[in-house]
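To keep things clear, I will list the structure first and then write my remarks on it.
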Amino acid sequence: MSAPTDPDMTDLLGRLARVPSGRRSKWVVLGVWIIALLALGTFAGKLTGAQQNDNVTWLPDSAESTQAYKLAEKFGNSDQVPVVLVYERPSGITDADRLAVGADATRFRQVEHVVADKLLGPIPSQDGQALEILVPISMGADGWSRLTSVVGAINDAAVERPDGLSFYATGPAGYAAEFGKVFASIDGLLLYSAAAVVIVILLATYGPMLWALPLITVAFALVISQAAVFGATKLGLTVNAQSQAILTVLVFGAGTDYALLLVARYREELRRHPDKHEAMAVALHRAGPAVLASGCTVMVSMLALLVAEMNSTKGIGPVCAIGIAVALLAMLTLLPALLVIVDRWIFWPRHPNFGTVNETESGIWARVGFAIARRPRTVWIGTALALGAVAFGAIGLESNGIANKDAFVGSSAAVTGTEVLERHFDAGTGTPVMVIASAARADAVASALGSTPGITAPSRPIIKGDLVYLEGTLSDPPDSRAADATIDRVRAAVHAVDPASKVGGQTAVVLDIKHAVAHDNRVIVPVVLAIVMVILMVLLRAVLAPILLTATVVLSYLAALGLSHWIFDLAEFKGADAGLPLLTFVFLVALGIDYNIFLMSRVHEEAAKHRTKAGALIGLAATGGVITSAGLVLAGTFAVFATMPVVTFAEMGIVIAVGVLLDTVIVRSILVTALTLDIGDRIWWPSALARPRIAAAPEPEVSLSK
């Protein structure tokens, strides 16, 4: 699968390939990895504690809501998150209810980390059917983990209620506690689920023995990559629950992909070489450059996220790049060493003994190639039109964020509490708009805030030094478009009387996130496409092929988004996270190009010997099975996200899984092969392979007898 290289580079690659495949050096490689695991393993377990899951930490310092958050520290409110406790009796609140809720409020003040002097309530609703208590919680450095435990303690304290009086914890801290419960168990669930997917596919691909070696190698890579990411957090890298979850799935999926490709080439070479060490050295020499180029493509594409405004998006790039780098290193060193240590018996029951026939030459993908070769132009045009039709489904996808009440799959106490709250109180209760301005203009700013449509019950100004702090309650749900519009109106109104004023709060944070994501979409998408094309041009030494390959991956991404939109509708998901299109684009383009590299680097290798049309058929036959298995592994591991009880994770898993399957089964095997067969040698323009080869024998006719 290797790309063409100069003689010096070929010699260097050959020498490096013999390190993990050497008779003695294989043991050195294994020893180095074991030492690294023992030395770094303890740091991997600390990564979860280094997460930053507060939305405000995801934004750059230039965001207005971030600046408001920092100014609020002077007033002691910046690290306080309220849980809204709502009680409901549809037939009307009784005196016994009021006494019980009052007793609850007294107990809540005793809960550790509750800001007792700022607790508000019980507050009755105007219809007399509900009561609410606002309990501020000091987050401290523990973040979501503290909110989860404190809200749990508050729930435990509210134990003595009259029959028929319902009770729910909602608001910012209520939702944070729900998310905290999910993310507390997500790492283990993802780990075991991804491992199960990998084991099943490896068992189906290689039988009852070989599956263990790639899984052991992936386990080494995951632990060491988690330790490396933890070290990067000490240098300022932002890691949240999402990026850590992606790291787990990506190392399992991509790492196993690289393992499958290497093992496939090793098995091929075992049939040609009696010595397993020589077979591995040749396999690494031939397949290594393509695997390395694929991994580097993913890493560089992920690092393009560093230009994002969003700290959370910016952090995902290095996290994934570190994971891919460690997985790549493990698969090119540790796995080869393990394979040559255990010998050929690991392939039982189908031993690739020296001199046996390579079954891929007459397998299903060889037959698919010959079928495409009959009418390649008809095939690629029809396939492209079908994918384009599916891509139209992406047009109606709304990625403006997901309301808190729509963020969970299934039931949630916080969601039910929000519904109760909206029936009896202002929808924005517990999620105030925060305004910090010059104390000299306190009255004017207070008037501007109070007169803004969408704001009710503005607070009294609190003045400290030269600053004034005010809050306003939103009349609309805090995560609605109407609330976003209110934030824009508040900012316009208060900036008009005090240009230096800052408007913050949870709704303002989410609105600023949407603005930052829009910026990132405009910047990162062209950067990733440019990176991918440049790498392909260097690898294939051509211009036309990289342009076509990149176009096919973009088409595949749009089709995946369109098909996933229909799945979202069937699952009754309401909307999509603002960052979904960008993150899935980066992953699908980077990982989709991987499969094109695996295929086209082999086609390039064979085209130099047999011309392009024959090379395309040989390349598809040789790589078709392993690439399909690799795609199933990657799609399966990302599909694990679809089982998560959080809609954002489920949607991301669906899009990436659908996209990978489309790419490996349709785009890579059918569309790219048909394009290559139709265009022929010209696909390598302007390299030497695109020029007429006068001295060479005519390109053989493609036999259709198979």
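Values computed for the structure shown
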| quantity | calculated |
| --- | --- |
| Search result, residues across the stretch 263-296 that are of a type in the set (Ser, Thr, Tyr) and modelled with pLDDT under 85 | SER294 |
| Those residues of the stretch 440-460 which are over 41 Å from the mean Cα position of the chain (by Cα) and within 19 Å of TYR69 (Cβ to Cβ), in sequence order | VAL445 |
| Considering residues of the stretch 183-211 that are in contact (Cβ under 8 Å) with a residue 24 or more places away in the chain and outside any helix (DSSP H, G or I) only, the residue surrounded by the most Cβ atoms within 10 Å (Cβ to Cβ) | LEU210 |
| Any hit, the stretch 582-591, residues being touching a Ser or Thr at 6+ places or on another chain (Cβ under 8 Å) and either farther than 29 Å from GLU309 by Cβ or in the same structural domain as ALA254 (by TED's automatic domain parsing) (or both) | no |
| Any hit, the stretch 145-152, residues being of a type in the set (Gly, Ala, Ser), touching a helix residue (DSSP H, G or I) at 6+ places or on another chain (Cβ under 9 Å), buried (at least 21 other Cβ atoms within 10 Å of the Cβ) and touching a residue at least 12 places away in the same chain (Cβ under 8 Å) | no |
| Residue that is surrounded by 21 or more Cβ atoms within 10 Å (Cβ to Cβ) and over 39 Å from the mean Cα position of the chain (by Cα), where the choices are LEU120, LEU131, LEU165, LEU99 | LEU131 |
| Among residues of the stretch 365-399, those that are farther than 13 Å from SER669 by Cβ, over 33 Å from the mean Cα position of the chain (by Cα) and free of Cβ contacts under 8 Å to residues at least 12 places away in the same chain, counted | 2 |
| Matching residues in the stretch 413-447 - criterion: being closer than 28 Å to VAL517 by Cα and not hydrophobic (A, V, I, L, M, F, W, C) | THR418, GLY428, THR429, GLY430, THR431, PRO432 |
| Cross-chain or 6+ apart pairs with Cβ under 8 Å, the stretch 327-351 first and outside the structural domain of LEU16 (by TED's automatic domain parsing) and surrounded by fewer than 16 Cβ atoms within 10 Å (Cβ to Cβ), then hydroxyl-bearing (Ser, Thr, Tyr) and not in a loop (DSSP other than H, G, I, E, B) | none |
| Candidates LEU292, LEU303, filtered to the one that is assigned by TED's automatic domain parsing to the domain that holds TRP27, closer than 25 Å to SER62 by Cα and surrounded by fewer than 24 Cβ atoms within 10 Å (Cβ to Cβ) | LEU303 |
| Any hit, the stretch 558-575, residues being among the basic types (Lys, Arg), within 30 Å of THR673 (Cβ to Cβ), assigned by TED's automatic domain parsing to the domain that holds LEU689 and touching a residue at least 60 places away in the same chain (Cβ under 8 Å) | no |
| Among the residues listed as ALA496, ALA446, the single one being small (Gly, Ala, Ser) and surrounded by 17 or more Cβ atoms within 10 Å (Cβ to Cβ) | ALA446 |
| Residue identified as at pLDDT below 80, within 30 Å of ALA176 (Cβ to Cβ) and surrounded by fewer than 17 Cβ atoms within 10 Å (Cβ to Cβ) among PRO7, PRO90, PRO60 | PRO60 |
| Residues of the stretch 17-44 that turn out to be among the charged types (D, E, K, R) and assigned to a helix (DSSP H, G or I), as a count | 2 |
| Single residue of the stretch 135-154 satisfying the filter (farther than 20 Å from ASP104 by Cβ and not in a helix (DSSP H, G or I)) that is modelled with the highest pLDDT | MET139 |
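The values are calculated or read from the model by the stated rules, or taken from the named source; none is laboratory data. For clarity, every value in this text was computed on a predicted model and none was experimentally measured. Using ideal geometry, Cβ is built from the backbone for each residue, glycine included, and neighbour counts are taken over all protein chains shown.
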